[in-house]
Amino acid sequence: MNKSVVKLTPIGGQAENGKSMYCLEIDDQWFIIDAGYRFPEVDKLGVDVIIPNFDYLKENKDKIKAIFITHGHDDVMGALPYLLQEVNVPIYTTDLTADLIDQLLQRYMRHSHVSYKYKIKRVNMNATIKVAGVTVEFFPITHSIPGSVGLAFLTPNGYVVYSSEFIIDFGAPERFRCNIQKMMEIGKKGVLALLCESSYSKNDGYTSPKHKLTDKIESIFEDATGRIIISSYAQNAFRTQEIAQLAKKYNRKICFYGRDKYDNTNTIMRIARHTKRPILDIHPSYIADSKAISDKKNMDKLVVLLSGSPRRIYHDILDIIDGGDEKLKLQESDTFIVASPVLPGTEKIANRAINELYKTDTQIHVLKNKELQSMHASEEDIKVLIQILNPKYFIPIKGEYQHFVAVSDVAKKMSIKDDYIIIVDNGEIITFNDGKLQDYRDSITIEDVMIDGLGIGDVGVKVIDDRNQLQNDGVVIIGMTIDGKTKEIVANTDVQTRGFIYLKDSENIVRAIIEMAEKELEAYKKDDNGDIRDVRQTIKDKANRYIIKETGKRPVILPVIIEL
């Protein structure tokens, strides 16, 4: 009798914030769960986003049967435009997420001038389906966007359950409500392994109601006499719903002012016009168009929801402060609420925007990260999920390593033994034979792929190092012109610096660099076998050592030798 073999390989999402992507193999049928990106660290200058490396999947693409996307956030679906160019298989997801994916892919193809066909399979949030002979259960979960689901893949030895990102909130609005009954049914049938999110596992208690915005800003709504402008991330539809309900309660209309027409708030509102069932519970009579922003007569009856991505929204705030927005000009009577907590990778621009806000005459209210928690599972949320599903093995996902340790402690409190808690890194392959974890772990090389504009992976460590050098110490350009035949210098050697040192202080250094460079060219003229490329490198090396000795700086040095 053949053994049942189940393998799990994290392609992204482990020991990092975002970029979630997992490959689940069930008896050689491969399934991809989520395909997201993450924002780069501050030192990754010019890099837009970072996606997983798909090499392992490309090498085995004939085995991959489907992609499952659990909700409509970029950290779980943002890498799809790149993945589908390498592994084009059907995408299974719920209705709203399907619409968001469709718009994401269409926009990418339009902007990148590429074209490929894709297939999205729309699935009910409580569906049970079969893909390549494997039963897959969908179950609704409470997260910050409607249509969020967890997944349970049936193996011969029980379910492999993927929690996605969730909280336990029995008072959540209908479109955000979880299905505990469905989870209990899965738990009763037997769970081989639970892949559980961990990023908030160090937090005591439940996340609810600490994720709710209403009680933190309602008093501000009561006191505001003019417009209320509130910044909130476009992908947090739960928060959008709260703001809209507050606007209605205080007899104000809400204007959805996502300056990027592609942001999720705008997209969700566009999608909502064509759906029979409302995505968000907002009556059309309480929605204002953008013309209302400059209507001075009714400013005390308006809430402007400034939405955007975590990186874009603070740039928008700065642009509005500087007067660069034709429609939205800040006024003394305005109340500005910053309800977009600072996320990793956005600290610098966020702090700058908040500082500039405080320089205006507008009433400013900034909600700190500790005040407004994201909708991720805290300790008690995780305990509830473990109790419902009663898994044999517990696998922490979605978080830094410290979170994996913290969530492991939570699992131990729920009587899961050490040997049945599996901490795994990106690229490590864990294997279950007939429902038993194997001691060995294979591994594959997983490296980040940086997206810079339209470039995919063409920005490497050396390019980033050069950008950091340019930012920190500037550039020194050494320009020389020689006769291609005689190798004689035929024009004055020129040294230009930018962002290096003050020109007045650079005369001696520039003179020394010129002498050094011309000396190397003299040596090159006498050497019949000399190579001009070696001369450039020698000038660069010597100038670099000299500049470090004299100034302690490490500018980018570019010797340019033109042969006539």
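Please treat every number below as a calculation from the coordinates, not as lab data. As the structure is a computational prediction, the values presented were derived from the model and not from experiment. Every residue, glycine among them, receives a Cβ derived from its backbone with ideal geometry; neighbour counts consider all protein chains shown.
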### Task
Give the residues of the stretch 411-438 whose amide nitrogen is closer than 17 Å to a point set 7 Å from the Cα of residue 27 in the direction of its Cβ.
432-436
### Linear extension gain, residue 347 paired with residue 436, 0.36 nm per residue minus alpha-carbon span
27.7 nm
#### Entry: Mean projected area in nm² (Cα convex hull; one quarter of hull surface) for the stretch 176-230
6.6
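Can you give the percent of C-alpha pairs in the stretch 1-93 whose distance is more than 20 Å? Walk me through the numbers on the way to the answer.
Values: 1489 of 4278 pairs.
For the stretch 1-93, the share of Cα pairs beyond 20 Å comes to 35 percent.
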### Message
Between residue 107 and residue 130, what's the calculated FRET efficiency when r is the beta-carbon distance and R0 is 41 Å? Round to 0.05.
### Response
0.80
### Interatomic Cα distance distribution for the chain, bins of 20 angstrom, percent
19, 43, 27, 11, 0
### Task
Any chance you could run the full-extension gain for residue 62 through residue 549? It's 0.36 nm times the residue separation minus the Cα-Cα distance, nm to one decimal.
169.6 nm
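Using 1/(1 + (r/R0)^6) with R0 = 60 angstrom and r between the beta carbons of residue 531 and residue 225, what's the FRET efficiency to the nearest 0.05? Let's see the in-between values first.
Numbers: r = 75 Å, r/R0 = 1.25.
It comes out at approximately 0.20.
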### Task
Just round it to a whole percent: the fraction of Cα-Cα distances in the stretch 329-423 exceeding 20 Å.
54
### Query
Taking only Cα atoms, what is the 0 to 90° angle, nearest 10, from helix 214-223's long axis to the longest principal axis of the chain?
80
### Summary
Pseudo-spin-label distance residue 289 to residue 562, built 7 Å along Cα→Cβ, given in nm, is 5.6
### Message
Per DSSP helix of 4 or more residues, -39500 (n - 2.57); summed, then divided by the residues of the chain. What does that give at 222 nm, rounded to the nearest 500?
### Response
-9500 deg cm²/dmol
